[in-house]
Amino acid sequence: MPNESKSELKHEIFERYTIGLTAILCAGILVVIAILGPLGLGIMEHRTSQSGIYQTTGQDLAGLLLLTPILLIGGVLHLMKRDGSKYFLILTPITLIYTGLSYGIGQEWSNPAYTGNIENYFWLFWAMIVGGLIMGMSSLSMFTDDDAPEFSRRGLRIYVGLLSVFLLFFAFMWSSDVFEVLATGNTSSGSYQSSPTVFWVIRYLDLGISIPVGFISLYLLITRPKKAYPIVLLFFGFFVTLGTAVNTMALVQVLSGDPEIAGAAAAGLIIFPVLGILAWAGLYYLIKDKIRALLSRNKSGE
């Protein structure tokens, strides 16, 4: 029995350091990508169109300002054995995997008009994907049924209905792009012919992952909010972090005068901010009791 207890202690220490250091490592990778990429020194050259460069700049900026602090705080708190670390770590896994895949495979590899050296940074994107998998699997197991707050059924129904409408708008917008390409060979803004690979990568990831994940999380939120609480948090972390990145990308495109913000893409300037606001509102709704408990503990400590 003493040997078993010692073995379990070592096991827990190993997991704690692995998860905490993985989060910190992923934060460091995001900083390196932001410094080396188009946002910073421009040493990391993406094989994509100018519009793609604008979007990458926005994504790097969002990663630097939002995802990096979340990972650092979560990693440090986890190393310190603070229970609150799980509320930070669970927000990041899907976005890390999504970003690593989109950076890695969303390049115009077969187009000789685009030059770059992005393949030299394969290990950075690979590490993001693996780090996302590690934190996703580990952070889900950190939660118990007692962590889930009580939800108002009426408030849930209103929120789920509202977000469902805008998710449908999002799906319609991307689907209309796909049908337009199939019918005419291009989008009205010309974005498809300039970067067809990233077009299909983003449509497959969003129509195949982002939007279905959205509806799955809403279904779980309305049917079993307490049992599915960590899964819903995982999904909403994805909405918040990726949604912020998408809005930052659009902002950079607008400020840079990107002509590809036209047609169906222009509709995103309305839909994406609304989805972003709803995502943040949903996340706050999920953790508001934890925030209030933390504030009351701090007040009583004073």
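The values are calculated or read from the model by the stated rules, or taken from the named source; none is laboratory data. All values derive from a computational prediction rather than experimental measurement. Heads up, the Cβs are rebuilt from the backbone with ideal geometry, glycines too, and the neighbour counts pull from every protein chain shown. Accessible surface areas use protein heavy atoms only, side chains included; no ligands, DNA or RNA. Shrake-Rupley method; radii C 1.70, N 1.55, O 1.52, S 1.80 Å.
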Result of the Cβ filter at 6 Å on segment 122-134, keeping first residues that are over 22 Å from W109 (Cβ atoms) and partners that are open to solvent by less than 60 Å² (accessible area, probe 1.4 Å) and assigned to a helix (DSSP H, G or I), at least 6 apart or interchain, is G131/T22; G131/C26; G131/L96; G132/P93; G132/L96; G132/I97; I134/T22
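Looking only at segment 16-37, which residues are under 18 Å from Q107 (Cα atoms) and surrounded by fewer than 21 Cβ atoms within 10 Å (Cβ to Cβ)?
If the condition is that a residue be under 18 Å from Q107 (Cα atoms) and surrounded by fewer than 21 Cβ atoms within 10 Å (Cβ to Cβ), then L36 is the only one that fits.
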Name the pairs: first residue in segment 135-164 and under 13 Å from L221 (Cβ atoms) and free of Cβ contacts under 8 Å to residues at least 12 places away in the same chain, second residue among the β-branched types (V, I, T) and assigned to a helix (DSSP H, G or I), Cβ to Cβ under 9 Å, at least 6 apart or on different chains?
R153/I222
Residue among I19, I94 that is over 23 Å from D258 (Cβ atoms), under 16 Å from the mean Cα position of the chain (by Cα) and either without any contact (Cβ under 8 Å) to a residue 12 or more places away in the chain or in a helix (DSSP H, G or I) (or both)
I94
Hey, any hits in segment 117-138 for a residue that's modelled with pLDDT of 90 or more, hydrophobic (A, V, I, L, M, F, W, C) and buried (at least 23 other Cβ atoms within 10 Å of the Cβ)?
yes
In segment 148-159, anything open to solvent by 20 Å² or more (accessible area, probe 1.4 Å) and not in a loop (DSSP other than H, G, I, E, B) is listed as R153, R154, G155, R157, I158, Y159
Is it the case that some residue within segment 212-221 is closer than 21 Å to I105 by Cα, aromatic (F, W, Y) and open to solvent by 20 Å² or more (accessible area, probe 1.4 Å)?
no
Do we find that I13 is part of a helix (DSSP H, G or I), open to solvent by 10 Å² or more (accessible area, probe 1.4 Å) and without any contact (Cβ under 8 Å) to a residue 40 or more places away in the chain in this structure?
yes
Which of the residues belonging to segment 48-61 are closer than 22 Å to S110 by Cα and either open to solvent by less than 30 Å² (accessible area, probe 1.4 Å) or in contact with a helix residue (DSSP H, G or I) (Cβ under 6 Å, 6 or more places away or on another chain) (or both)?
T48, S49, S51, G52, Y54, Q55, T56
Tally the residues that are assigned to a helix (DSSP H, G or I), buried (at least 21 other Cβ atoms within 10 Å of the Cβ) and of a type in the set (V, I, T), restricting the search to segment 183-200.
1
Within segment 236-245, identify whether any single residue is within 21 Å of the chain's Cα centre (by Cα), farther than 27 Å from D83 by Cα, surrounded by 20 or more Cβ atoms within 10 Å (Cβ to Cβ) and in contact (Cβ under 8 Å) with a residue 40 or more places away in the chain, and answer yes or no.
yes
Scan segment 74-85 for residues that are within 17 Å of I287 (Cα to Cα) and buried (at least 23 other Cβ atoms within 10 Å of the Cβ) and jot them down.
G74, S85
